[in-house]
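Single-structure report; data block below.
The values are calculated or read from the model by the stated rules, or taken from the named source; none is laboratory data. Only a predicted model underlies this, so the values are computations on that prediction, with no experimental measurement involved. Quick reminder, even Gly has a Cβ in these numbers, built from the backbone with ideal geometry, and neighbours come from all protein chains shown.
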Ligand code: NI
């Protein structure tokens, strides 16, 4: 067992330069969600080169299969997302994005690279570990409905059905050389709220002849916060933010329409859908009681990410063995969202974080910013650790 770990560590070190070059390529040629055609082709070419069979799902998703010894013993899925964001890169690096306005600003180029690296290692050592590894290169993480939901619809969790799934995300607030894990709820669900308040506009000097949609919108924004402060269990984190209010365009006309947009986030799936009902009731009741009409739409987005407790404990233990105990931290809970949550609704999953921050080198920018980057020594850690987790046998 520990011999296998050493072999993985050695190969990760041997191949790290090659895979940093792969990351540079992916970084220079980013593609937006569901348009990852070249990225998908690049991944397939690499799998061909490694001798790993694969199939294509949801147009740009790639699902590879590596059989170890006794392939029926267990099936473990390893997942990487492959899409980029509509952001103009501001880093001055030789591998800067060549596509104006598109950037791997969430590190999915790194995730893809680490999974390709793990694939090469696992394929090379396939006579030394047991079971089957399913490699999931997933499109469309950054945009609804989420590539994970499409792949699941197309059968990614069947034939063969994985018993567990691991996924990693780069973490620019975690020091290079570290990883973090946590069991239980780790990330929030994210739903979008769209409200239109419709009334009779008119002259601002004669409000009694109008339905004041601006006033109603103001009351509604304040009132909706009471769902969070009064209806929510204080022990369940949840956030409602109205982030856009659009209505009117001058000083003396009450508009006939005001539009609100916002986001609702929760860690608890039961509360999540109860809150949707409360938002609907509260908004409809208040707006109608003030004499206006309302259109309300809640666009249901990604579910919360639930890390299976037992699996996360096993993963953490594997990480401690691989990295040393002092390199492993506990992930903090975040209200951000990840479509990895779709997998964890079906099978035990563990979504963990890879430290990429290097203060001395000035690498500290957050994800989704134009200056996001990583300390690339994280790639050796990321690919080795992912391979090592793929060989885990405990907890199944
Ligand atoms: Ni991301």
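Annotations for the structure displayed:
- Restricting attention to the range 349-373, the residues that are surrounded by 24 or more Cβ atoms within 10 Å (Cβ to Cβ) and either at positive phi or within 13 Å of the ligand (Cβ to nearest atom) (or both) add up to 4.
- Boolean, residue 343 is closer than 30 Å to residue 5 by Cβ and either in contact (Cβ under 8 Å) with a residue 24 or more places away in the chain or surrounded by 18 or more Cβ atoms within 10 Å (Cβ to Cβ) (or both): yes
- The lone criterion from (1) without any contact (Cβ under 8 Å) to a residue 60 or more places away in the chain; (2) touching a helix residue (DSSP H, G or I) at 6+ places or on another chain (Cβ under 7 Å); (3) part of a strand (DSSP E or B) left unmet by residue 248 is number (3).
- Some residue of the range 270-287 being over 30 Å from residue 212 (Cβ atoms), buried (at least 18 other Cβ atoms within 10 Å of the Cβ) and touching a residue at least 24 places away in the same chain (Cβ under 8 Å): yes
- Within the range 141-156, being surrounded by 19 or more Cβ atoms within 10 Å (Cβ to Cβ), touching a strand residue (DSSP E or B) at 6+ places or on another chain (Cβ under 8 Å) and either modelled with pLDDT under 95 or in a loop (DSSP other than H, G, I, E, B) (or both) holds for 141, 142, 156.
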